[in-house]
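Participant: Let me give you the structure first, and then I'll get to my questions.
The values are calculated or read from the model by the stated rules, or taken from the named source; none is laboratory data. These numbers were taken from a predicted model, which means no experiment stands behind them. For neighbour counting, all protein chains shown are included, and Cβ atoms are generated from backbone atoms with ideal geometry for every residue, glycine included. Just so you know, the surface numbers come from the protein's heavy atoms only, side chains and all, with ligands and any DNA or RNA stripped out. Shrake-Rupley method; radii C 1.70, N 1.55, O 1.52, S 1.80 Å.
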Amino acid sequence: QVQLVESGGGLVRAGDSLRLSCAASGRTFSRNTMGWFRWGSGKEREFVAAISWNEYTYYADSVKGRFTISRDNAKNTVDLQMDNLELEDTAIYYCAAHDSGYYYLTSSYNFWGQGTRVTVSS
């Protein structure tokens, strides 16, 4: 069994920063693309960011320039640094391990964490 555990969520004010972390256990994902998705007001989880094993990064337009994804392959961790948070960033954030397919599709990921909640207030 593979487990992904997110941490770092909380209640912050607009304009603040927050850093989310995802720790993988039970398997080594050093060569897997890892992604962050979020579930907010919409019915679908939406793509936030992804990072390949060799650290190519991809971002949703809504977070580009504000969020930074990074990974530590030796520790099997993936972080999401969120700066200048906006009210619209309020969501449950999930990390996921990629299997196959497009980086920005939830169906391309086989393993998911249980999420960490981020609430941004004015």
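Participant: At 1.4 Å probe radius, can you tell me the per residue accessible area of the chain in Å²?
Facilitator: 55 Å²
Participant: Size of the dipole of segment 1-78 about the Cα centre, Lys and Arg at +1 and Asp and Glu at -1 on the beta carbon, nothing else charged, in debye to 20?
Facilitator: 60 debye
Participant: Excluding ligands and nucleic acids, what accessible area in Å² is computed for residue 39 using a 1.4 Å probe, to the nearest 10?
Facilitator: 110 Å²
Participant: If you filter segment 1-78 for trypsin sites (Lys or Arg not before Pro), then keep DSSP loop positions with at most 16 other Cβ within 10 Å, what is left?
Facilitator: Sparse-neighbourhood loop trypsin sites (Lys or Arg not before Pro): 27, 31, 43, 64, 66, 75.
Participant: Once R0 is set to 30 Å, what does the formula 1/(1 + (r/R0)^6) return for the Cβ-Cβ distance between residue 54 and residue 122, expressed as a FRET efficiency to the nearest 0.05? Kindly include the intermediate steps, with their values, before the conclusion.
Facilitator: Values: r = 39 Å, r/R0 = 1.31.
The value I calculate is 0.15.
Participant: Under the definition of Cα pairs under 8 Å and six or more residues apart, what whole-number percent is the relative contact order of segment 64-114?
Facilitator: Relative CO of segment 64-114 lands at 24 percent.
Participant: With a 1.4 Å probe and every protein chain kept in, tell me what percent of the accessible surface of the chain is carbon plus sulfur.
Facilitator: The computed percentage sits at 45.
Participant: Classify segment 1-83 from the C-alpha gyration tensor, please: rounded if a/c falls under 1.5, else prolate or oblate depending on whether a/b exceeds b/c.
Facilitator: Note, shape of segment 1-83 comes out prolate.
Participant: Whenever you get a sec, line up 92, 51 from highest to lowest accessible area (probe 1.4 Å, protein heavy atoms).
Facilitator: 92, 51
Participant: Can you work out the FRET efficiency for the pair residue 46 and residue 83, with r the C-beta to C-beta distance and R0 = 22 Å, to the nearest 0.05?
Facilitator: Step by step, r from the Cβ atoms, then E = 0.70.
Participant: So for segment 29-122, what percent of the C-alpha to C-alpha distances run longer than 17 Å?
Facilitator: Numbers: 1973 of 4371 pairs.
Roughly 45 percent, once rounded to a whole number.
Participant: On to the next question. Would you work out which of 52, 81, 2 lies farthest towards the positive end of the dipole of the chain? Charges go on Cβ: Lys and Arg +1, Asp and Glu -1.
Facilitator: The one lying farthest along the dipole's positive direction is 2.
Participant: Still on this structure, I have one more. What nm value, rounded to one decimal, do you get for the distance between residue 30 and residue 11 when each label is placed 7 Å out toward the C-beta?
Facilitator: About 4.2 nm, to one decimal.
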